1. Which whole-number percent of Cα pairs in the range 431-486 have a distance greater than 13 Å?
2. What residues have an amide H closer than 5 Å to that of GLY226, excluding those fewer than 5 places away on the same chain, when H is modeled at 1.01 Å from N in the peptide plane?
3. Any idea what log10 I(q)/I(0) is at q = 0.13, 0.16, 0.18, 0.22 Å⁻¹ for the range 296-425, Debye with uniform C-alpha scatterers and no solvent?
4. Considering amide H positions built from the backbone, and no H for Pro or chain starts, which residues 5 or more places from LEU178, or on another chain, come under 5 Å of its amide H?
5. Report, ordered by chain and residue number, the aspartates and glutamates lying within cross-link reach of LYS426, taken as a straight Cα distance under 20 Å and ignoring same-chain residues fewer than 8 apart.
6. Apply the Karplus curve 6.51 cos²θ - 1.76 cosθ + 1.60, θ = phi - 60°, to the phi angles in the range 179-196 and return the couplings in whole Hz, x for Gly and Pro.
7. Distance between the C-alpha centers of the range 177-238 and the range 311-341? Whole Å please.
8. Once you have the Kirkwood Rh of the chain from its Cα pairs, apply Stokes-Einstein at 37 °C and 0.692 mPa s and quote D in µm²/s.
Amino acid sequence: MRHLLSFFLFAALLLAACPLRGQLNWVASHPATITYTLDLEKVQQHELRIRVDFPAVRPGVFTVRMPQASPGRYATHNFAKNVYDLRAYDANGQAIPISQQDLAEWAIANHGGAVRLEYTLFANGGDGTYSGIDDRKLHLNMPASFIYGEQLNDRPILLKIKDGQRPDWTVATQLVDLGQRRFAAPNYYYFFDSPTLVGTIMRDSFRVSNPDGKVQTIELAMMHEGTREAFDAYLAWTRDIVLTQQKVFGELPDFDYGRYTFLCSYNPWIGGDGMEHRNSTVCSASVGLEEYADRLIGTVSHEFFHCWNVERIRPASLEPFEFDHANQSGELWFAEGFTSYYDDLSLVRAGILAPEDYAEGLTGQLNYVLLRPGRQHRGPVEMSQQAPFVDAATANDPDNFENTFVSYYPYGATIALALDLELRRKGHTLDELMKLVWERYGKTEIPYHLRDLQLALGEIVQDQNWAQEWFARHIYGSALPDFPSLLAEYGLELKPVQQDSAGFLGLRLREEDGRMVVRSRINENSPLYATGLDQDSKILRLNGIEIISQAAWDTAVAGLKPGKTYALAFEQMGIEKTGNFVAAASPELVLRLAEKAGKKDLQRRREWWGGVKGEGSKGGKE
């Protein structure tokens, strides 16, 4: 979300005008307030009729736009495709023409200084990016829902529901509640960063004090089909996470209006997602809370860590946030990746995730990052810059991301793991770096550059040369450290799954017309890459064995010996071809708690994992 100094100065003036901090009561009566009124009459058809009143607009042509980008996302989205039946009215309430100028832009002339706009929004895909409207709820991501007026960014916003409609539905949002289902924002930037749930909502809250004595309210608002007992247990876990992450930075952020809200939807009528915002987050999944709480809580942990890292510790490349196109950032390995490192680590420290389950999660992450060929093509900065192409972006033509891309989420988390363990060798921790960056760039809300992170690291270890070399190898380059030796110091063993297996071919097949067909691009790390095999090729023979079924393929693969050369016959685009490859053992790794870890190693692990004791089970405190 955009956090310009001018925005905060303006917001501070607004708060100063309020009789109580956390209230924007004056917005409802201010003559400059832009008002959005929601008509719920056709929600069962996934339609929301929206009226927007612009009380004062500039002379001449007034331009309105539908956003094409959304806070927390890094790609462009065509939200305007679900907007139709636009009508415009002038200052006297008379209908006036509205002309579409671009994909998501309309022009209105002869308005007399004020405009009332009405339109229908269709939405049936609710998650962290898209809105969902139906007979059970409104699940509103604001950029996917609301047209805005050009050059009106400094006007207060009022959102309200038409009187008498769905009186049993309540509202959860980081917008300020003015009562009577009216909600206020100081300006468009805050409004568009404020996802809103309307429907049957289970909710509760707790309060957390900072060292300075300031108290913040943390609310859990949830749409789910389960019991209050399950909700209460989840609330307790949420509180444990909040307190655990507070220790990393030494304090909670000073949330606007003193409140942070978890907007959770766990039911069959929602999409799965997690999306951070300045004072709230959306966490959704199309499953039930009771059965999947231990899997869902990781998203809560990830998104709350974002209230420091990316919402306030914010890269300059995301500033100012543009609602009309995607910002490209080279720092997502830190903003998203380091957050991904801390999400499960926070669960271990809070006693929610057992040590063996944490190790299992690290196994999948390390295998993904260490074994994908993408690091041969791009490092963390360049991977981050690919976000507009991969972050829920759509394209009709094939890509080669299987070989050229490594997600900045696990890639950054793996870098964070490496840095944490290397810092601990030097008598420091990654927590120290995060706290320093928070105090210097997050608490002050000064957007950072890559070099700022490097200098902060050098300050922690009191060695700028070491920090410069570390960034050169791991951030500007794509090198990774010797993880087996690093992890061994904490009683963790990282070893190959099967050292003598030749089954590593990296191939996914489907049966078609009595032949096995390659389903996807061939990984550059696969021994079969050397044969010239490609997606949609038909496998004919492997080592002389006719391949007419998955069983035949499995039998042929089982007979391979590491280090020996074999022939593969296949049909590619109607032409029969033969290629040779050298069989290799699987490089897949597994991370386990060492059976005979020394006392020193166990002590290091306890310090790293926050004093976790004993062995527990996933989803239960130890």
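1. Values: 983 of 1540 pairs.
That fraction is 64 percent.
2. LEU289
3. At q = 0.13, 0.16, 0.18, 0.22 Å⁻¹ the computed log10 ratios are -0.59, -0.88, -1.09, -1.41.
4. PHE183, ALA184
5. Result set, ordered by chain and number: GLU459, ASP463, GLU469, ASP482, GLU489, ASP601, GLU607.
6. Karplus-based 3J(HN,Hα) across the range 179-196 equals x, 6, 6, 10, 9, 10, 9, x, 6, 5, 4, 5, 4, 6, 9, 10, x, 9 Hz.
7. 24 Å
8. Values: Rh = 26.9 Å.
This corresponds to a translational diffusion coefficient of 122 µm²/s.
No value in this document is a laboratory result; all are computed from the given coordinates. As the structure is a computational prediction, the values presented were derived from the model and not from experiment. Cβ sites come from the backbone with ideal geometry, for glycine too, and all protein chains shown count toward neighbours.
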